[in-house]
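A.B. asks: Questions regarding the structure given below will be posed in turn.
Every read-out reported here was derived from the displayed coordinates using simple, explicitly stated rules and does not represent laboratory data. Note that the coordinates shown come from a computational prediction; the quantities given were computed from them, not determined experimentally. Glycine gets a Cβ as well: all are built from the backbone with ideal geometry, and neighbour counts include every protein chain shown.
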Number of protein chains: 2
Amino acid sequence: MTEPPQAPPKFDAAFREQLESLFVWRRDVRHFRTDPVEPDLIEGLVSQACLSPSVGNSQPWRFVLVEDVARRRAVRDNFLKANEAALSDYEGERAAAYAKLKLSGLDDAPVHLAVFADKETERGHGLGRQTMPEVLEYSAVAAVNTLWLAARAAGIGVGWVSIIDPAAVCKTLDTPEDWRLIAYLCIGYPAAAHRDPELQRAGWQSRGHLKDFLFRR
Amino acid sequence: MTEPPQAPPKFDAAFREQLESLFVWRRDVRHFRTDPVEPDLIEGLVSQACLSPSVGNSQPWRFVLVEDVARRRAVRDNFLKANEAALSDYEGERAAAYAKLKLSGLDDAPVHLAVFADKETERGHGLGRQTMPEVLEYSAVAAVNTLWLAARAAGIGVGWVSIIDPAAVCKTLDTPEDWRLIAYLCIGYPAAAHRDPELQRAGWQSRGHLKDFLFRR
């Protein structure tokens, strides 16, 4: 339904400065406090995520709160198995550094949120997907990013677990066949706030400069 | 390089309200004013996008400002061809509605920005990509979403063109072989501000409700 006309908001310099500060201080959180997050707060974050851009306004994002203890344990086992296989790809010092990184907040985070893209959604009527069908998944990724920013603004931390077998997650969560796993998120109050990425603090990978990322043709 | 310690910012209720308003008023813009956007402003948006999350801190995003007239024309031709093919998929009323939607701001937008993911970046040392390698592309998508929000906060509009042959864009822009096109963005001052998506205003696709998107297991 189209909303009645409304004056567009003005975003001033003070807001833009705070917004950049939000980008700077958004972290991939792996260390959580175990106290619960209010359910209303989580629903509010998902609602904000649903304001993200999507191809043809298809809104393909599907959020699944994983609450069942057995399912959470199955996801944890999935991660452990995938992590072990991933570790075998690294040798020597790097492997040691890797092992030191606490890669999963799965045990401590009070909220597990799996995010999917519904590949067969009828919303949007297929618009904009003929030559780059992957934009459907990309729309769900944008929603993850939006949720992440909204969470950080509310003092909530998010960690994205990608070392996981996505097909097994779908099976564990008994999701429809056409849903593709985009992200498995751990959510909760962070144990600490940091300005720099954990992987930078751990000496794994520092940040590049604008000249490494911006080109002209 | 790790920054010196700094007190984390506090994001208050007023900021969170403005942030949600930013999510609400971010639009996929197709109608641009033709006056230029200051180059510093564009660089500032790209810098903010580089603060996005990325798997293993791999920062795979690559931004290409398309300035050459012949290259811009080639991208426009690419879009026209892909759009014609896409139109043939629709029939009757829907096709008429589709044709009415101005799908491309390519002609008016002063700035064309192509966004790629560097599939072979050494940054991040492959961390987190073994079971879901597509998270590399997803990291570049997060950067697009961040740029979009920063742009809206600065009064700048962004439109994402996905009806385009990605391989042809790579050829036109002469990008390295390992770069994969994620998004082709039109950027400029919007002709108007809207609260509702253009596709909703045009009767193509309205928004769903939280119950359509949030599930429990």
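A.B. asks: Calculate the mean, over all residues of peptide B:206-212, of how many other protein chain Cβ atoms lie within 10 angstrom of the residue's Cβ.
C.D. replies: Numbers: counts 5, 9, 6, 2, 6, 0, 7.
Across the residues of B:206-212, the mean count of other-chain Cβ atoms within 10 Å is 5.
A.B. asks: Kindly flag which residue pairs out of A:K81/B:K211; A:K10/A:K119; A:K171/B:K211; A:K171/B:K119; A:K171/B:K81; A:K119/B:K171 have an alpha-carbon separation exceeding 31 Å in this structure.
C.D. replies: Values: A:K81/B:K211 33 Å; A:K10/A:K119 36 Å; A:K171/B:K211 22 Å; A:K171/B:K119 29 Å; A:K171/B:K81 40 Å; A:K119/B:K171 29 Å.
Over 31 Å apart, Cα to Cα: A:K81/B:K211; A:K10/A:K119; A:K171/B:K81.
A.B. asks: Per residue of B:51-62, what is the mean number of Cβ atoms on other protein chains within 10 angstrom of that residue's Cβ?
C.D. replies: On the way: counts 8, 5, 11, 6, 5, 8, 12, 2, 7, 1, 4, 4.
Mean shielding by partner chains, rounded to a whole number: 6.
A.B. asks: For B:E177, which inter-copy label distances result when the label point lies 7 Å beyond Cα on the Cα-to-Cβ vector, reported in nm to one decimal and in ascending order?
C.D. replies: Inter-copy label distances (nm, one decimal, shortest first): 3.8.
A.B. asks: Mind checking the mean number of beta-carbon atoms from other chains within 10 Å of the Cβ atoms in A:17-28? Mind dumping the intermediate values first?
C.D. replies: Numbers: counts 2, 9, 12, 6, 5, 8, 9, 5, 5, 4, 2, 6.
Neighbouring Cβ atoms belonging to other protein chains average 6 per residue here.
A.B. asks: On to the next question. If you take the Cα atoms of the protein assembly as shown, find Rg, then find the Kirkwood Rh from the mean of 1/r over all pairs, what is Rg/Rh?
C.D. replies: Details: Rg = 20.8 Å, Rh = 22.0 Å.
Rg/Rh: 0.94.
A.B. asks: Can you tell me how much longer the chain between A:D77 and A:L41 gets when fully stretched, taken as 0.36 nm per residue apart minus their C-alpha distance, in nm with one decimal?
C.D. replies: Working: separation 36, 0.36 × 36 = 12.96 nm, distance 2.81 nm.
Length gained between A:D77 and A:L41: 10.1 nm.
A.B. asks: First check a/c for chain B, with a ≥ b ≥ c the square roots of the eigenvalues of its C-alpha gyration tensor; if it is under 1.5, answer rounded, and if not, answer prolate when a/b is larger than b/c or oblate otherwise.
C.D. replies: Details: a/c = 1.42, a/b = 1.18, b/c = 1.20.
Rounded is the answer for chain B, as its axis ratio a/c remains below 1.5.
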